[in-house]
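Notes to accompany the following structure.
The values are calculated or read from the model by the stated rules, or taken from the named source; none is laboratory data. What you see is a predicted model, and the numbers here were worked out from it, not measured in a lab. Cβ placement follows ideal geometry from the backbone for every residue including glycine, while neighbour counts extend to all protein chains displayed. These area figures cover heavy atoms from the full protein model, side chains too; ligands, DNA and RNA do not enter into them. Shrake-Rupley method; radii C 1.70, N 1.55, O 1.52, S 1.80 Å.
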Amino acid sequence: MSYRNLHIGLLILLLVLDLCMINLSGLAAFWIRCRTALFEEAKHEIVDLIRDDRSFGGIRDLGKIRELNEEKNEAEWWKFEDGLFTQDNQQLLTIPAGQKVGVEIDLGSSCLIDRIIWAVSDDISGSVEVALSDDSGAIVPVSPKAFHSNGQLEVSIHARMVRKARVSFFAPSEGPMQLGSIQIHGFNPNYPRILSHPAKQIPQQPYKHLLVLWNMASILALLYCGAYRITRSLEILDDFWIVMRSVSLAAVLAIVMIFLHRGYQEITYLGFEYSRLVVIIGSILSTVALTGNRIVVNASHRYFLRRGYGIRKVLIVGAGPAGQQIVDRLRTHYWLAYEPAGFVDDNPELHGKRIRGLPVMGGTMDLREHAQFVGTDEVIVALPNSSHKAVRDIVGRCYSEHLKFRILPDLFEVISSEVQVGVLDGVPVLDLDDNYLGHWDRFLKRGLDVVCATVGLAILSPLLTLLFVLTKLTSRGSAFFVQTRLGENGKGFPFYKFRTMQVISDQDARDEREIQYRAMIQNNENTGKIVNWSRITWIGKFMRRFSLDELPQIINVIRGEMSLVGPRPPIPYEVESYNTLHLERLKGKPGITGLWQVNGRADLPFEEMVKLDLYYLKHWSLWLDFKILLKTIPTVLSGRGAR
């Protein structure tokens, strides 16, 4: 199965699922708004509560009854569903002449009681006493009226809120009195409103027209927002963002159309007006349902990819570090559907060798032959540090030989989100935007930081207190490790962490870390924390495992020295080894977490970390922050890349 056929099949499946869920969401929204009492007054439907066997709150499942008489004051309780004294069980209660017998009824929930009806002997009548109480046990004042009719003793209550009722019967002196089945007519106001009928009935026909409009608006919005591109991402957060944008756009279109057709509907349906709540509810349900569709389709996509279906072979032009990094990424991120088939490099010393398990097949002059040999028509040019002429020649060769190609971006493409082509005296030039966060962006980001940090500090206070106490009890010294770090524009600030290591002098700690930091930067080693494992305490090891030692940095966020998301703040002597590019990291406010922390943490080389930090600063958005924060949770809980 080819890559294109697999993706087209999955997109058709996704489209069919989306159409189904859009219709179901619209129908569910109409039912919730117009066929339930969730947003309307419930219809008072008088029913026999003893036989109210509706699911999720019917009185038959909640209520109970017991007999009261002069000899045994209180008998055991019987549930309504047991059928005692109901039409399902015609057991009679005999009251001896001149005596009093009663029943106590507990409905299990306060209900509006209209009347109580007992089946009695046709030829004998007696008197009745009624005592009612509510949920709190307070007596409900009532003046019941009892009368006989067609073999029934009816006690009229006149719609009172009642939880319990005691009904006593006095048999006349001339003979015993026999009671049969009982009925309690009333209304249960505590029945779930979403299962109750509304008092006002809303016509259905106008909403059929709205459903057609909702279908068209949703599909058009999904197409416009790129939900059906063949190169869709398999990340659920990206899909959720696309769905949310699409549904919001569809909701706006639907509300506008409702407004334009308002006059027509009022004339046609005698003053009818659409409820905008239907659109809002439909939007919420559609967002959940459409995101669920993408989870299902993405799972199917992964299933096929893991079994080799829809995988495209690709040649990597350039066997250097950049090309090797591309190979590692393609193998790790299998959902990209690329299988590296080999390297092509113009360095003759590499020809015939194997790098990353792949052969170096030859030079770029025979690019077409190499592609045909491995059975592909796609190449990735991974020569970011080569001359422009070499890249231009390779691109020209790909064009002439009908090969699809992708080029690893140069550094200016990573560090700049705005690249404009201008003309200088007839010569085309690239104008790179060197601005990072604007004033409005900073305001939004600061607002997010303050709200989230304040709420987080309140929620995490018990955990912070526990870690503080454990740190103090397990080793000498302060529970906090305070260190000077460099923030935005190189400004120093006190950086707070829980102490995880035994205390040594500041000079010893500086000497220990300075040498290792300098080697890490100069050799482009992994960005793992510089740790002397022999000095770590047992609670420190646990905190490092799940990054709990970083929690006091919430204080830095509230003080405005850090952000929730951003580049990690460097130590002053670490910056001494920075080059000009590395210093660009200091143009943004540092963060507790960041883009590189959720894409490898300590397993990334230093240069890769710098590029990710610069990419974040140039492409910042609230959604990017939100996505990084969500990805941080599983990354931290898994302990992946922790030091």
Practice prompt. Provide Rg over Rh for region 17-58; use the alpha carbon set for both Rg and the Kirkwood Rh (inverse mean inverse pair distance).
Written response: 1.18
Worksheet item: What order do ASP18, ASP377, ASP61 take when sorted by accessible area (1.4 Å probe), most exposed first?
Response: ASP61, ASP377, ASP18
Discussion item. Please report the projected area of region 442-484's Cα convex hull averaged over all directions, in nm².
Written reply: 4.2 nm²
Worksheet item: Which length gain, in nm to one decimal place, applies between ASN599 and LEU630 when the Cα-Cα distance is subtracted from 0.36 nm times their residue separation?
Response: 9.9 nm
Response to the item:
Between ASN347 and SER400, the FRET efficiency computed from the C-beta separation at R0 = 22 Å comes out, to the nearest 0.05, as 0.45
Worksheet entry | Inter-site label distance for ALA390 and ARG545 at 7 Å from Cα along Cβ, in nm | 4.7 nm
Worksheet item: Stretch GLN502-VAL451 to full length: gain in nm at 0.36 nm per residue minus the Cα-Cα span?
Response: 14.9 nm
Worksheet item: Suppose R0 equals 30 Å; then what is the FRET efficiency for HIS619 and SER248 from their Cβ-Cβ distance, rounded to the nearest 0.05?
Response: 0.90
Worksheet item: So which of LYS587/LYS627; LYS541/LYS618; LYS208/LYS445; LYS472/LYS611; LYS353/LYS618 end up more than 31 Å apart by C-alpha?
Response: LYS541/LYS618; LYS208/LYS445; LYS472/LYS611; LYS353/LYS618
Worksheet item: Which of the peptides 8-15, 311-318 is most tightly packed, and how do the rest follow, judged by the mean count of other Cβ atoms within 10 Å per residue?
Response: 311-318, 8-15
Worksheet entry | Cα-projected label distance for ALA75 with ALA138, points at 7 Å along beta-carbon direction, nm | 3.3 nm
Worksheet entry | Spin-label pair ALA28/THR465, simplified geometry with 7 Å Cα→Cβ offset, distance in nm | 4.1 nm
Worksheet item: What are the semi-axes of the equivalent ellipsoid for region 318-403, taken as the square roots of 5 times the Cα gyration tensor eigenvalues, largest first, in whole Å?
Response: 18, 15, 14
Worksheet item: If the chain between ARG35 and GLU607 were fully stretched, how many nm would it gain, using 0.36 nm times the residue separation less the Cα-Cα distance?
Response: 199.9 nm
Fill in: For LYS164, solvent-accessible area (1.4 Å; no DNA, RNA or ligand), Å²
70 Å²
Practice prompt. State the antiparallel share, in %, of DSSP beta bridges confined to region 294-383, rounding to the nearest 5.
Written response: 15 percent
Discussion item. Given axes a ≥ b ≥ c from the Cα gyration tensor, I'd like to know whether region 551-643 is rounded (a/c under 1.5), prolate (a/b larger than b/c) or oblate.
Written reply: rounded
Item to complete: Relative to the compact-globule scaling 2.2 N^0.38 Å, provide the ratio for the alpha-carbon radius of gyration of region 176-223.
Response: 2.41
